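Participant: Starting off with a structure, shown below.
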Amino acid sequence: MRSSLCLFVAVLMLGGAFAGCFSGATSGSSSEKTQTQSASATNSSINSSLVDDGSGNMTVDTGHMAHMHDYWQGRERVTLMETDLQVDVPTAMMFTFFDLSRGTAGVGGVSVNLPDEQIVFEGTGKMEFTATWTDPTITGMGLTYKTAASPSYGAPKDITSGTPAVIVVAPDMTDMPHSKTSRWGFLLAPDKAGEVIYGKIHVKVDIVRMRDITLFPGHPELFHGLHTLELWKGSASSSQTTFVTQGANAITKSPGQDDTLQSKVVVPMETLNMTANLTVKTVNSDVGKMTNLTFLVKAANTNRYLAAKLIGVDAATNTYRYAWMVDMRMTDSPYAKESSWRFDVQVDTDPSQGTFNSQCGGCSNAKIDYDLEVIAYDGAVDGATKLMGGGRGG
């Protein structure tokens, strides 16, 4: 189960707006972001007409031909994120445990993800991360980050309010073309003993173009000539914890760490819908009994977990069937080495043992063992469309 407090809150808000601990809104649409235009709108290093500019307005189908991905659209600088973060009491408390586990006797902190649909483009040579604060309850902080090349965070390095921290971006540190969410992540945490991070922080993240765009091969045929693709099949277990246990887990796990089920293969761009069969083997909870079972899905274009639509239950085999629709924005980059899709199971329990009609996903530690099969369809077969009555849902 997701171990971080912010992800647990998302589970309780099934289908609601949530974007990772903090993945703040950008300052506008892609055409409205604060940008510095290049002296020339054309890139002299690209001499091919087969260029995907990320606008979605391509007149030529480049997918199965070698092509380039120039998402800069003539710009030399792009603002990926500009937002205010509010480090409140629960966040500060969780990060205080985390700070101590990393060996720094400080208070507070916050994890930051880039917003959905914002990625670090190929061609980026440097990133500028600027944190600005004026609250007297913030006495200093350090910045650490992970990139598309590595899932590990380094040690925090001291930053100054209002002064951009420059990160040199090597080619392998950029996100893959067609990615919908970035693999980059940031932590603002004390890097000196006694520092406090509690209050409002204004964060701005810019990328600067300094490298050429390369030629990528055509998109691979990930359905392998078939119309269905197995994304996950086998036995699994999901554990959920009380709010108290989650706070304790923050001591030993990095905020934002995700231990849910990852699709075993990359989800093709041609995918139109998916189904899941979940057969419950055992359910154990500290308090109460299971009252509801929810299958959660995180697509490649978001950090949110949403509930799939329950389309049937076979009581004889204890099997739950789910289905949901998919569009191209939700699929993985065809060049990705691993999928961004993840699956999870939420068990609601009734602490009153049925005396009251109450359910709570955070009132009891619980574990469920189950068999799971998740299938993707390219639309040439009925898949989820027929099961869901032809409508879009999930």
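Participant: For Glu82, indicate whether it is under 24 Å from the mean Cα position of the chain (by Cα) and among the charged types (D, E, K, R).
Facilitator: Yes, satisfied.
Participant: Looking at Ser111, Ser152 in this structure, which one is assigned to a loop (DSSP other than H, G, I, E, B) and either among the small types (Gly, Ala, Ser) or modelled with pLDDT under 95 (or both)? Can you show your working first?
Facilitator: Details: Ser111 fails: assigned to a loop (DSSP other than H, G, I, E, B).
Ser152 is the lone residue from the list that is assigned to a loop (DSSP other than H, G, I, E, B) and either among the small types (Gly, Ala, Ser) or modelled with pLDDT under 95 (or both).
Residue-by-condition table, conditions (1) assigned to a loop (DSSP other than H, G, I, E, B); (2) within 30 Å of Val280 (Cα to Cα); (3) outside the structural domain of Tyr377 (by TED's automatic domain parsing):
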{"site": "Asp175", "(1), (2), (3)": "yes, no, yes"}
{"site": "Leu188", "(1), (2), (3)": "no, no, yes"}
{"site": "Lys204", "(1), (2), (3)": "no, no, yes"}
{"site": "Thr214", "(1), (2), (3)": "yes, no, yes"}
{"site": "His219", "(1), (2), (3)": "yes, no, yes"}
{"site": "Gly234", "(1), (2), (3)": "no, yes, no"}
{"site": "Ser238", "(1), (2), (3)": "no, yes, no"}
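Participant: Whether any residue in segment 122-134 is buried (at least 21 other Cβ atoms within 10 Å of the Cβ), assigned to a loop (DSSP other than H, G, I, E, B) and at pLDDT below 95 is what I want to check.
Facilitator: no
Participant: Among the candidates Gly379, Gly312, which residue alone is within 21 Å of Met274 (Cβ to Cβ), in the same structural domain as Gln262 (by TED's automatic domain parsing), part of a strand (DSSP E or B) and modelled with pLDDT under 95?
Facilitator: Gly312
Participant: Now for a different question. Would you be able to say whether some residue in segment 253-269 is modelled with pLDDT of 90 or more, on the phi < 0 side of the Ramachandran plot, among the polar types (S, T, N, Q) and under 25 Å from the mean Cα position of the chain (by Cα)?
Facilitator: yes
Participant: Right, something else. For Met81, are the conditions met, namely being under 20 Å from Val169 (Cβ atoms) and touching a Leu at 6+ places or on another chain (Cβ under 7 Å)?
Facilitator: yes
Participant: Another one. Could you list, ordered by first residue, the pairs with Cβ atoms under 7 Å in which the first is in segment 104-131 and at positive phi and the second is modelled with pLDDT of 90 or more and hydroxyl-bearing (Ser, Thr, Tyr), at least 6 apart or interchain?
Facilitator: These pairs meet every condition: Gly108/Tyr198.
The values are calculated or read from the model by the stated rules, or taken from the named source; none is laboratory data. Just so you know, these numbers come straight off a predicted model, no measurement behind them. Quick reminder, even Gly has a Cβ in these numbers, built from the backbone with ideal geometry, and neighbours come from all protein chains shown.
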